[in-house]
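A.B. asks: I have a structure I would like to understand better, so I am pasting it below and will then ask my questions one at a time.
The values are calculated or read from the model by the stated rules, or taken from the named source; none is laboratory data. What you see is a predicted model; the values in this text were computed from it and never measured. Here the Cβ is made from the backbone with ideal geometry for all residues, glycine too, and neighbour counts use every protein chain on show.
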Amino acid sequence: MKGLSAGIIGFGYTGRLHLEAYEKSGVHVAAVAEPQPAVLDTVPAGIKRFADYRELLTSSVDVVSICTPTALHCEQTLLALAAGKHVLLEKPIATTVADAQRMSAAEKQSGRRVLVGMTHRFYPEILEAKRIVENGGIGEILMIRDCILEHFGFVGAPRWYLQPELAGGGTVLSSGVHLVDRVLWFLDEMPVSIYGFTNNRFLNQQVEDAAQMMLGFRSGRSAQITFGLLPEPHPLICDLELIGTRGSIVVHTWSGYEVRTGQDIRHRFIYTSETHHEKVLVGVAAEVRELCAAIAEGRSPRPSIEESTRPIQVIEEFYSVARNNAPTL
């Protein structure tokens, strides 16, 4: 990873997190682009500052992190690839499948690498659960339940999360994309049926703040996902339950997991006194290392840009279904 330099586009909470992740991974951050002058003034000394990200793309950095509203991801990624930069792109990849496919085509044509920040694939508690499943620890997965409940404002969620023209959707697309991705990752197949509902009564915004999604698969397996972005303080819950033929695993994201079999229930706690910020940083730093390794080895990063498009395919179809399921008075 030595010798690579990085630039960051967007210096909100996530952009600052990327700065820490690069520093933790031994990658020099040479430049930051941020359109808000007051935020740009907070960039640490020694790092070049640009008000326009296009100017950053003309600099000599090797990698750019794109930490901007989702609706901007496609254009900024295309311009970064055209400028010869590798890209670490915050999730979700885009607001539409069509944009994600444009980005995939551009990556192939450019010869550069794009890694979408599906942080949950890099958390130790989820990686350990994946190994247990792959080693047959709970038999064959029959069904999955996943859930995320968080309150708006947690870790400084930006206001654009509530603007459909910038966010592209609400809790299902913003945080929930992780849950859809990990369901697809554990089952290794795409659903053949999608059903569910959305609601936006709590935050009184145009994007959904609550939803339930049901997925059916050709193998006969199924998944249910619950999403909630709540207006009042609420304990952060992000629990993935994998139910198998010989047992089950419940992953308490940012905490640990428990394996339940007919013999016993085994608990594994990953974290002790770490802050939520420190836990998330573990995943982002791992993403940085994976992208740098892919660049050095001349291979596609894992997950690939195509894999990161699959949850958008599911969510796009889900939004269409949910609109048709909207109750009428």
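A.B. asks: Just to be sure before I move on: is Ala211 among the hydrophobic types (A, V, I, L, M, F, W, C), over 16 Å from Ile141 (Cα atoms) and part of a strand (DSSP E or B) in the structure I sent? Quick ask: steps written out before the conclusion?
C.D. replies: On the way: among the hydrophobic types (A, V, I, L, M, F, W, C): yes; over 16 Å from Ile141 (Cα atoms): yes; part of a strand (DSSP E or B): yes.
When the stated conditions are applied, Ala211 passes them.
A.B. asks: Okay, moving on. What number of residues in the range 14-44 are of a type in the set (A, V, I, L, M, F, W, C) and assigned to a helix (DSSP H, G or I)? Give the derivation first.
C.D. replies: So the first thing to find is which residues in the range 14-44 are of a type in the set (A, V, I, L, M, F, W, C), and the list is 17, 19, 21, 27, 29-33, 38-40, 43.
Narrowing further to those that are assigned to a helix (DSSP H, G or I): 17, 19, 21, 38-40.
Within the range 14-44, residues that are of a type in the set (A, V, I, L, M, F, W, C) and assigned to a helix (DSSP H, G or I) number 6.
A.B. asks: Within the range 252-285, take every residue that is among the hydrophobic types (A, V, I, L, M, F, W, C) and surrounded by fewer than 18 Cβ atoms within 10 Å (Cβ to Cβ) and give me the one that is farthest from the chain's Cα centre (by Cα). Talk me through it step by step, then tell me what you get.
C.D. replies: Initial filter on the range 252-285 (among the hydrophobic types (A, V, I, L, M, F, W, C)): 254, 259, 265, 269-270, 280-282, 284-285.
Restricting the remaining residues to those that are surrounded by fewer than 18 Cβ atoms within 10 Å (Cβ to Cβ) gives 265, 269.
Working: Ile265: 30, Phe269: 23 Å.
Taking the candidates together, the pick is Ile265.
A.B. asks: Let me ask something else. Could you please let me know if Val61 is touching a strand residue (DSSP E or B) at 6+ places or on another chain (Cβ under 7 Å), in a loop (DSSP other than H, G, I, E, B), surrounded by fewer than 22 Cβ atoms within 10 Å (Cβ to Cβ) and modelled with pLDDT of 95 or more? Don't jump to the end; show me each part of the working.
C.D. replies: Working: touching a strand residue (DSSP E or B) at 6+ places or on another chain (Cβ under 7 Å): yes; in a loop (DSSP other than H, G, I, E, B): yes; surrounded by fewer than 22 Cβ atoms within 10 Å (Cβ to Cβ): no; modelled with pLDDT of 95 or more: yes.
Taking the combined requirement at face value, the residue does not satisfy it.
A.B. asks: Give the number of residues within the range 160-207 that are out of contact with any helix residue (DSSP H, G or I) (no Cβ under 8 Å at 6 or more places or on another chain) and within 14 Å of Leu230 (Cα to Cα).
C.D. replies: 8
A.B. asks: So how many residues does the range 270-302 have that are out of contact with any helix residue (DSSP H, G or I) (no Cβ under 6 Å at 6 or more places or on another chain), in a loop (DSSP other than H, G, I, E, B) and closer than 15 Å to Val114 by Cα?
C.D. replies: Result for the range 270-302: 4.
A.B. asks: Also: Only one of Ile144, Ile138, Ile148 is assigned to a loop (DSSP other than H, G, I, E, B), at pLDDT 95 or above and either in contact with a helix residue (DSSP H, G or I) (Cβ under 9 Å, 6 or more places away or on another chain) or within 19 Å of Ile305 (Cα to Cα) (or both); which? Step through it out loud before you land on a result.
C.D. replies: Numbers: Ile144 fails: assigned to a loop (DSSP other than H, G, I, E, B); Ile148 fails: assigned to a loop (DSSP other than H, G, I, E, B).
It is Ile138.
A.B. asks: Do any residues in the range 45-58 that are in a loop (DSSP other than H, G, I, E, B) have Cβ atoms under 8 Å from those of residues that are surrounded by fewer than 15 Cβ atoms within 10 Å (Cβ to Cβ), where the two are at least six apart or on different chains, and which pairs are they?
C.D. replies: Ala51/Pro35; Ala51/Pro37; Asp52/Pro35
A.B. asks: Just need a number here: residues in the range 66-79 that are in contact (Cβ under 8 Å) with a residue 40 or more places away in the chain, in a helix (DSSP H, G or I) and among the hydrophobic types (A, V, I, L, M, F, W, C).
C.D. replies: Going through the range 66-79 one residue at a time, the tally reaches 2.
A.B. asks: Check off (1) buried (at least 21 other Cβ atoms within 10 Å of the Cβ); (2) under 30 Å from Arg260 (Cβ atoms); (3) acidic (Asp, Glu) for Glu134 and give me the number that stays unchecked.
C.D. replies: Going through (1) buried (at least 21 other Cβ atoms within 10 Å of the Cβ); (2) under 30 Å from Arg260 (Cβ atoms); (3) acidic (Asp, Glu) one by one, Glu134 breaks only (1).
A.B. asks: Here's something else I'd like to know. For the range 297-329, which residues satisfy the criterion of being surrounded by fewer than 21 Cβ atoms within 10 Å (Cβ to Cβ), over 28 Å from Gln224 (Cβ atoms) and either touching a residue at least 24 places away in the same chain (Cβ under 8 Å) or within 13 Å of the chain's Cα centre (by Cα) (or both)?
C.D. replies: Scanning the range 297-329 gives a single hit, Ser300.
A.B. asks: Within the range 225-242, is even one residue part of a strand (DSSP E or B) and without any contact (Cβ under 8 Å) to a residue 40 or more places away in the chain? Step through it out loud before you land on a result.
C.D. replies: Looking only at the range 225-242, we keep the residues that are part of a strand (DSSP E or B), and these are 225-230, 237-242.
Filter once more, so that each one left must be without any contact (Cβ under 8 Å) to a residue 40 or more places away in the chain: none.
Within the range 225-242 (the criterion being part of a strand (DSSP E or B) and without any contact (Cβ under 8 Å) to a residue 40 or more places away in the chain), the answer is no, since none of the residues qualifies.
A.B. asks: Right, next: Somewhere in the range 182-197, is a residue among the acidic types (Asp, Glu), at pLDDT 95 or above, surrounded by fewer than 16 Cβ atoms within 10 Å (Cβ to Cβ) and closer than 21 Å to Glu307 by Cβ? Before the answer, list the steps.
C.D. replies: The initial filter retains those residues of the range 182-197 that are among the acidic types (Asp, Glu), namely 188-189.
Now restrict to residues that are at pLDDT 95 or above: 188-189.
Cutting the leftovers down to surrounded by fewer than 16 Cβ atoms within 10 Å (Cβ to Cβ) gives us 188-189.
With closer than 21 Å to Glu307 by Cβ added as a condition, the list becomes 188-189.
Within the range 182-197 (the criterion being among the acidic types (Asp, Glu), at pLDDT 95 or above, surrounded by fewer than 16 Cβ atoms within 10 Å (Cβ to Cβ) and closer than 21 Å to Glu307 by Cβ), the answer is yes, since at least one residue qualifies.
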